[in-house]
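Working notes, structure below.
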Amino acid sequence: MRGRTLLAALLLVTGGVILPAHPRAQEAVARDPVDFSGLWVISNRSQNGNLDENLQPMQPEDYLTPAALAATREVRPALDPSVLCLPGLPRHFSGPYPIEIVQRPGRVAMLFEWDTVFRLVYTDGRDHPDPLDDTRFFGHATAHWEGQTLVVDTTNFNGKTWLMGNGIPISTEARMTERISLEEDARTLVIAVKFEDPVNLTRPVHRRHVYNRRDDWAIREYICAEANRDNVFSNQAGGMGSLTAEDVLPAD
């Protein structure tokens, strides 16, 4: 099912599915100064921790609200959304699996091998939807160009994911800003992230994800549930004891 979902997303951005075009889509792509299309693999130059604006490490007490700090102290492996194969940002930016970018009029698609999921970034001038009507694991992303840099604004998170694997929750009020650019060699992609959440963070968290272009690679299908689901609730999985699905599944 997830494989078909990813295929549908690829058809959508490449024209295989005919959808009503946003009126500013063609005009928007005509102004695109950079094409990020290609397959990208995380580099060891990435800085994936919870960092300050100077990309220096912070202690949890430096940036977490008291409630978020308490939540991290109660964290158990079984409660990690990734154990249930649930996606989320910015976490999916730091995984070891490749990301393929497909850039088309009015949108940029990110196809993640991790969990075989996709994300659409709209560059056609549309607004974010009402968060009361539309929340998502990856949020809703719109973008504009500043010179050679694509600036992405993401809101409408659903509050069911973590900032990383350390139990820091992400609320529905969170906002993520990305600055996406290529280095001069055009084979190095940089995604500089600023993450804000007034519910859980007292100051923004920053990261710098760096990727290398791989023309000889291709995205492969990765169905997380095939590997995880049978073991999530077993007594042997990370000391979960007698946890049931109701203990770990996110509330609606």
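The values are calculated or read from the model by the stated rules, or taken from the named source; none is laboratory data. Everything numeric in this text was worked out from a predicted model, so none of it was measured. As a convention, Cβ positions derive from the backbone with ideal geometry for all residues, glycine included, and neighbour counts pool all protein chains shown.
Side notes on the structure shown:
- Residue check for Ala67: crowded, with 18+ Cβ neighbours inside 10 Å and aliphatic (A, V, I, L, M): no
- Residue check for Phe112: among the aromatic types (Phe, Trp, Tyr), touching a helix residue (DSSP H, G or I) at 6+ places or on another chain (Cβ under 7 Å) and on the phi < 0 side of the Ramachandran plot: yes
- Considering segment 105-203, the qualifying strands (runs of 3 or more DSSP E), each wholly inside and each with 1 or more residues that are surrounded by 18 or more Cβ atoms within 10 Å (Cβ to Cβ) and of a type in the set (D, E, K, R), run over 107-112, 117-122, 175-182.
One line per residue, one yes/no per condition, for (1) modelled with pLDDT of 90 or more; (2) in a helix (DSSP H, G or I):
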residue: Ile18; (1), (2): no, no
residue: His22; (1), (2): no, no
residue: Val29; (1), (2): no, yes
residue: Asn44; (1), (2): yes, no
residue: Gly49; (1), (2): no, no
residue: Ala70; (1), (2): yes, yes
residue: Ala78; (1), (2): no, yes
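- Odd one out for Ser94 among (1) in contact with a Ser or Thr (Cβ under 8 Å, 6 or more places away or on another chain); (2) surrounded by 20 or more Cβ atoms within 10 Å (Cβ to Cβ): (2)
- Hey, Gly38 under 21 Å from Arg119 (Cα atoms), modelled with pLDDT of 85 or more and small (Gly, Ala, Ser) or not: yes
- Within segment 79-95, residues that are in contact (Cβ under 8 Å) with a residue 12 or more places away in the chain and closer than 17 Å to Leu111 by Cβ reach partners that are part of a helix (DSSP H, G or I) and not hydroxyl-bearing (Ser, Thr, Tyr) with beta carbons closer than 7 Å, at six or more positions or on different chains, in the pairs Cys85/Asp115; Cys85/Cys224; Cys85/Ala225; Cys85/Asn228; Pro87/Asp115; Gly88/Pro81; His92/Trp114; Gly95/Trp114.
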